[in-house]
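Scroll down for the structure; my scribbles are underneath it.
The values are calculated or read from the model by the stated rules, or taken from the named source; none is laboratory data. All of these numbers come straight from a predicted model, not from anything done at the bench. Cβ: placed from backbone, ideal geometry, glycine included. Neighbour counts: every protein chain shown.
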Amino acid sequence: MAKPTEDKLLEAVEEHLAIKRVLADMLELGIDHDQFTPKLSVIKGEIEHHAREEEEGKLFPKVQKLLDTEELEALGSEMLSMFETLLEGSPRKNVPAETAQASALPSP
């Protein structure tokens with residue numbers, strides 16, 4: 001059985017996947033489709049919950065306690081570099097393929 005921390009990590013992975021699946025649907029629909037706005041509302045709620053409550057409210061404070069200022073700055077620089085690299089490509093084109101299968105579960 002997974003530990004509470006592992007459970008939260010698995011939950012976060014599933015939340016990311018659920019959000020990506022709605023995004024994949026939206027990319028196929030186009031903004032004029034009658035399901036686009038409802039899907040946008042769903043994704044807004046999911047992101048607000050995940051980002052604000054889970055990441056900003058719980059995860060980030062834990063990371064701040066575990067890492068010193070230099071480590072946090074290095075992590076921030078690494079994340080910014082990864083973000084910029086992703087923007088150079090077309091990450092939206094990857095979304096449908098990234099959501100085709102369920103998340104991999106850890107081995108028992």
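At a glance:
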{"item": "Boolean, K39 is exposed (fewer than 10 other Cβ atoms within 10 Å of the Cβ) and assigned to a helix (DSSP H, G or I)", "result": "no"}
{"item": "Conditions (1) assigned to a helix (DSSP H, G or I); (2) in contact with a Ser or Thr (Cβ under 9 Å, 6 or more places away or on another chain); number of the one not met by L59", "result": "(2)"}
{"item": "Boolean, I31 is closer than 23 Å to K93 by Cβ and assigned to a helix (DSSP H, G or I)", "result": "no"}
{"item": "Single match in T37, T5 (criterion: over 24 Å from A100 (Cβ atoms), out of contact with any helix residue (DSSP H, G or I) (no Cβ under 6 Å at 6 or more places or on another chain), modelled with pLDDT of 85 or more and β-branched (V, I, T))", "result": "T37"}
{"item": "Any chance H50 is farther than 20 Å from N94 by Cα and in contact with an Asp or Glu (Cβ under 8 Å, 6 or more places away or on another chain)", "result": "yes"}
{"item": "Pairs where the first residue, in region 89-105, is farther than 14 Å from M26 by Cα and the second is surrounded by 10 or more Cβ atoms within 10 Å (Cβ to Cβ) and at pLDDT 80 or above, C-beta under 7 Å, 6+ apart", "result": "E98/K20; S103/V13; S103/E14; S103/L17"}
{"item": "Test: residue in region 65-84 that is at pLDDT below 85 and surrounded by 11 or more Cβ atoms within 10 Å (Cβ to Cβ)", "result": "no"}
{"item": "Residue match in region 4-27 (condition: outside any helix (DSSP H, G or I) and either without any contact (Cβ under 8 Å) to a residue 12 or more places away in the chain or exposed (fewer than 14 other Cβ atoms within 10 Å of the Cβ) (or both))", "result": "no"}
